[in-house]
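Worksheet: the structure to be examined is printed underneath.
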Amino acid sequence: MAEDGGALPPGATIGILGGGQLGRMLSLAAAELGLKTHIFCPDRESPAFDVAAHTTIAAYDDAAALALFAGAVDVVTYEFENIDVAAAELLEKTCPVRPGPKALAVSQDRLKEKNFLREAGVAVGAYRAAASEEELADALAEIGAPAILKTRRFGYDGKGQARIGAPDEAAAAFESIGRAPAILEALVPFTREVSVIGVRSVTGEVAAYDVTENVHRNHILHTSTVPAQIQPATVEKAREIAARILSALDYVGVIGVELFVVGEGEAETLLVNEIAPRVHNSGHWTQDGCSVSQFQNHIRAVAGWPLGATERHSNAVMTNLIGAEAEAWQGLAAEPGAALHLYGKREVRPGRKMGHVTRLRPRAPAA
Ligand code: AMP
């Protein structure tokens, strides 16, 4: 194990909780640096297993399996945020967990997340807690309709959300999210959705990639385009927001920060929608558009290495291949300038992320 944050040498093993495509691409990036990975995932068919040196198939709450895993690796990281905080704390007794349990606790609960952001001095849209139908009625009276009701926990890709167009829709909305503890958010009249991928090292060094403009289809990310069509000052502001969040969490690793752009031109402002304490789909373009990808920078950070350059050498459009879209792989493989990435998932299902393709365009020289 590394002592006091010292860099793990090539040959060391990074433990990753979660075996999806993010774990797979983290493993590939670790291999670029001569590091090994050990993937812990309950699913036998995990895409990351194909590219990892070691695997554990066990439930995330299997304390014995977690203890063995912690003893077999030099540092633990994760590729999704719904890891039990208790499991992360258990692992931390044996080896460092990066990012730390605080980042997990904050990002897996939308109410805690919004409170944390506000306390860190980061602008967010209006929100109120809504744990019951009565509290929801009060929240709606304060915030007004239209608004979005979201479960506090376990929501992703638009799941666990209901739009409330008028107060008389509140009861049905609460029913539709299973009467789970929720937050009510004012509907933000955004002009664009953007994100920024930030990274912080063990020594507190911070860097951020260029801001990406994101388009969703059916609540799933469809394309990420860089550069985003926003003001240079807005780009800088987004990067500052990422840096502020990273420092406030005493974070180590890559973070994804999703933001709403409100207004146009000089009047543009940013509101943070949510944070993801991991590598992020809207950062996949960095594999081909930058010399050091978000995946390699995450591995560098958690392994205690210096960060790599986050400058982009090309403009890029990343398009997710969802479900049957990945069946077009032969044409995409033959397309000039298209970088194809497939996740090795055996079963095609509607809505399932099967791969992505990044199309590069030359970056105009700086004026
Ligand atoms: P989320 O799961 O919070 O990322 O939300 C998924 C998508 O729903 C976002 O990417 C937005 O397009 C939309 N959305 C979420 N929250 C709001 C909001 N408060 N105002 C407007 N649109 C929202």
For the range 178-260, with only Lys/Arg (+1) and Asp/Glu (-1) charged at the beta-carbon, what is the dipole magnitude about the Cα centre, in debye rounded to 20?
200
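Stretched out fully, how many nm does the piece from residue 84 to residue 216 gain, at 0.36 nm a residue minus the Cα gap?
Net length gain for the segment: 44.7 nm.
Summing Lys, Arg as +1 and Asp, Glu as -1, what charge do residues with Cβ under 11 Å from the Cβ of residue 181 carry, residue 181 excluded?
+3
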The range 91-179: C-alpha gyration tensor shape, a/c 1.5 cut-off, then a/b vs b/c
prolate
Using only the heavy atoms of the protein chains and a 1.4 Å probe, how would 260, 295, 190 rank by accessible area, largest first?
190, 260, 295
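What length, rounded to one decimal in nm, is gained on full extension from residue 172 through to residue 119, with 0.36 nm per residue of separation minus their alpha-carbon distance?
Between residue 172 and residue 119, full extension yields an extra 15.9 nm.
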Past 30 Å, Cα to Cα, is the threshold; run 159/345; 36/353; 93/150; 36/159; 36/114 against it and keep the listed order.
93/150; 36/159; 36/114
Got a number for the accessible area of residue 127? Probe 1.4 Å, square angstrom, nearest 10.
20
Looking at the chain as a GNM with Cα springs under 10 Å, which of 255, 299, 83 has the largest mean-square fluctuation?
83
In the full protein assembly as shown, how much of residue 284 is accessible to a 1.4 Å probe, in Å² to the nearest 10?
0
Work out the length of the dipole vector of the range 21-106 about its Cα centre, built from +1 on the beta-carbon of each Lys and Arg and -1 on the beta-carbon of each Asp and Glu, and round it to the nearest 20 debye.
220
Pull out the extension gain between residue 329 and residue 203, defined as 0.36 nm times the separation in residues minus the alpha carbon to alpha carbon distance; nm, one decimal.
41.2 nm
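Among 163, 153, what's the order by accessible area (1.4 angstrom probe), most exposed first?
Listed by decreasing accessible area, they come as 163, 153.
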Using a 1.4 angstrom probe with every protein chain in place, what is the largest-first accessible-area order of 56, 358, 94?
94, 56, 358
Over what distance in Å are the Cα centres of the range 87-163 and the range 184-232 separated?
18
Scoring only Lys, Arg, Asp and Glu (+1, +1, -1, -1) among other residues with Cβ under 10 Å from the Cβ of residue 108 yields 0
Using a 1.4 Å probe, how large is the accessible area of residue 102, given in Å² and rounded to the nearest 10?
110
Please give the net charge around residue 133, taking every other residue with its beta carbon less than 15 angstrom from that of residue 133, where Lys and Arg add +1 and Asp and Glu add -1.
-4
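The values are calculated or read from the model by the stated rules, or taken from the named source; none is laboratory data. These figures come from a predicted structure and were not determined experimentally. Don't worry about glycine lacking a Cβ; one is built from the backbone with ideal geometry, like all the others, and counts go over all protein chains shown. Ligands, DNA and RNA are excluded from the accessible area calculation, which covers all protein heavy atoms including side chains. Shrake-Rupley method; radii C 1.70, N 1.55, O 1.52, S 1.80 Å.
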